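Colleague: Below: one structure in structure tokens.
Derivation of every value follows stated rules applied to the coordinates shown; laboratory data play no part. Please read these numbers as outputs of a predicted model, since none were measured by experiment. For neighbour counting, all protein chains shown are included, and Cβ atoms are generated from backbone atoms with ideal geometry for every residue, glycine included.
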Amino acid sequence: MSQPVALPADTPVRQAAQAMRDKDIGDVLVLDGDRLAGIVTDRDIVIRAVAGQDNLADCRLRDVCSSQVVTVSPDEDADTAISRMARNAVRRIPVVDNGRPIGVLSLGDAAIEHDPNSVLSEISAAEGDR
């Protein structure tokens with residue numbers, strides 16, 4: 001599980017993209033106050049912002065985030081999280097404690113945890129391409 005990057009819903013999409021680049025991550029959690037309101041992935045930025053918005057300067061996270069977020073609690077095990085990811089066809093699942101995000105479990109994290117000798121696990125553990 002990785003430490004989440006979380007930004008307010010009114011944050012410009014460009015700022016979220018820069019955070020993803022700087023932290024070498026593929027998602028940013030979207031907050032309403034200190035509560036999880038959504039998630040934005042690098043793919044969301046391409047599909048919903050770059051390809052879907054006329055004026056990127058005015059585009060905010062609330063405009064492109066997935067607001068129906070599938071979550072897991074910190075007391076649930078990895079198998080539960082993986083099963084929930086599979087059922088909902090998501091690659092990342094926020095770990096939420098009392099409505100507040102405390103982490104993100106990615107498909108790669110789950111592969112490392114569940115089957116450290118798999119090809120996906122090896123790919124996920126490799127250095128990022130910068």
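Colleague: Quick one: which of 3-12, 22-31 comes out on top by average Cβ neighbours within 10 Å, and what's the full order, highest first? Working shown, then result.
Modeller: Numbers: 3-12: 16.4, 22-31: 18.9.
Result, highest mean Cβ count within 10 Å first: 22-31, 3-12.
Colleague: Can you tell me the dipole magnitude for region 46-111 around its Cα centre, using point charges on the Cβ only (Lys, Arg +1; Asp, Glu -1), in Debye to the nearest 20?
Modeller: 220
Colleague: How far apart, in nanometres, would the label points at ALA51 and ALA86 be if each is projected 7 angstrom from Cα along the Cα-to-Cβ direction?
Modeller: Each label point lies 7 Å from its Cα, and together they span 2.8 nm.
Colleague: Place the peptides 44-54, 99-109 in order of packing, highest mean first, counting for every residue the other Cβ atoms within 10 Å and averaging per peptide. Mind dumping the intermediate values first?
Modeller: Working: 44-54: 15.2, 99-109: 18.5.
In decreasing order of mean packing, 44-54, 99-109 become 99-109, 44-54.
Colleague: I need the Debye-formula profile for region 8-107: one equal scatterer per C-alpha, no solvent, reported as log10 I(q)/I(0) at q = 0.11, 0.17, 0.19 1/Å, two decimals.
Modeller: The computed values of log10 I(q)/I(0) come out as -0.32, -0.74, -0.90.
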